[in-house]
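Written out below as C-alpha cells is the structure these notes cover.
The values are calculated or read from the model by the stated rules, or taken from the named source; none is laboratory data. What you are looking at is a predicted structure, and each value in this text was computed from that prediction instead of being measured. When we count neighbours, we look across all protein chains shown, and the Cβ atoms used for this are built from the backbone with ideal geometry, even at glycine. The accessibility values were calculated without ligands, DNA or RNA, using every heavy atom of the protein model including side chains. Shrake-Rupley method; radii C 1.70, N 1.55, O 1.52, S 1.80 Å.
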Amino acid sequence: MATHATGTFEVKLTPQTPDGKFEDATLGRMTIDKQIHGDLEATSKGTMLTAGTDVKGSAGYVAIERVTGTLHGRIGTFVLQHTGTMNRSAYQLSITVVPDSGTGQLLGLTGKFNITIADGKHSYDFEYTLPEAH
C-alpha cells in the first residue's frame with residue numbers, strides 16, 4: 001500500500017558553461033541543489049539538461065538527482081529521474097524513483113514525486129512504497 005509524504009522545498013538551479021559539445025543556444029545544462037522539508041527531510045544534488053524552442057512556452061528537460069535524508073524516520077538515499085515537457089505552456093512532468101536506487105533504510109523504495117508550484121513556492125506530494133522494516 002502506498003504512503004504519502006508531503007512538504008516544501010527550495011531549489012537552486014545553476015547554469016553550467018557549455019563544454020564545446022553544447023554549441024546550440026537552445027540546449028542547456030544546470031546543476032540542482034535542493035533543501036527538502038516535511039515528511040522527507042533531505043538534501044539533493046543533481047544535473048538537468050534542457051531544450052528550449054523558438055515557440056514561447058515550449059521546452060523539455062530531463063534530470064537525475066540523488067536525495068539524501070530521512071523519509072518518515074527512515075534514513076538513506078535514493079535517486080529521482082525527471083522527464084518534463086511544455087507544449088505551449090501545457091506541461092507534463094514525471095518524476096520517479098530509479099528502481100533499486102534506495103540505500104540504507106530506504107532499500108526497496110519505489111514511488112512518484114509530484115511537484116506543485118504556487119505563488120513562487122515549491123511543494124511536493126511523494127507517493128511511495130517501502131518493504132516492511134525487519
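Go ahead and run the numbers for FRET between Thr129 and Thr47, Cβ-Cβ distance against an R0 of 22 Å, rounding to 0.05.
Numbers: r = 27 Å, r/R0 = 1.21.
Computed FRET efficiency for Thr129 and Thr47: 0.25.
On full extension of the chain, what length is gained from His72 through Lys112, given 0.36 nm per residue of separation minus the C-alpha to C-alpha distance?
Numbers: separation 40, 0.36 × 40 = 14.40 nm, distance 1.57 nm.
Length difference between fully extended and current span is 12.8 nm.
Rounded to a whole number, what % of the accessible area of the chain do carbon and sulfur atoms account for, probe 1.4 Å?
56
Under a 1.4 Å probe, what is the accessible area of the chain per residue, stated in Å²?
Working: 8330 Å² over 134 residues.
With all protein chains present, the chain gives 62 Å² per residue.
At q = 0.15, 0.16, 0.21, 0.23 Å⁻¹, what log₁₀ I(q)/I(0) does a Debye calculation on the Cα points of segment 30-101 give, no solvent, two decimals?
Cα-only, vacuum Debye calculation for segment 30-101: -0.57, -0.63, -0.91, -1.00.
Which whole-number value in Å³ per residue fits the convex hull of the alpha carbons of segment 62-127? Present the calculation step by step, with values, prior to reporting the outcome.
Numbers: hull volume 6.2 nm³, N = 66.
About 94 Å³ per residue, rounded to a whole number.
What is the local net charge at Gly46, summed over the other residues whose Cβ is closer than 15 Å to its Cβ (Lys, Arg +1; Asp, Glu -1)? Don't skip to the answer; put the middle values down first.
Working: positive: Lys12, Arg29, Lys34, Lys45, Arg66; negative: Glu10, Asp33, Glu65.
Combined, the nearby Lys, Arg, Asp and Glu give +2.
Counting only Cα atoms, I'd like the Rg/Rh figure for the chain, Kirkwood definition for Rh. Intermediate results must be reported in sequence, preceding the final value.
Details: Rg = 15.9 Å, Rh = 15.8 Å.
A ratio of 1.01.
Give the span of segment 34-75's Cα atoms along each principal axis, as three whole-Å numbers ordered largest to smallest.
Sorted from largest, the Cα extents of segment 34-75 read 46, 17, 12 Å.
With the chain treated as a Gaussian network of Cα nodes joined by springs under 10 Å, which of Met48, Met30, Met86 yields the largest mean-square fluctuation?
Taking springs between Cα atoms under 10 Å, the residue moving most is Met86.
Could you list the GluC sites (Glu not before Pro) in segment 1-92 that lie in coil according to DSSP, counting only those with at most 14 other Cβ atoms within 10 Å of their Cβ? Could you put the intermediate results ahead of the total?
Numbers: sites: Glu10, Glu23, Glu41, Glu65; in loops: Glu23.
Within segment 1-92, the qualifying GluC sites (Glu not before Pro) (loop, at most 14 other Cβ atoms within 10 Å) are Glu23.
In the chain, how many lysine pairs have Cα atoms under 20 Å apart, counting only pairs 8 or more places apart or on different chains?
Taking the chain as the scope, the lysine pair count is 9.
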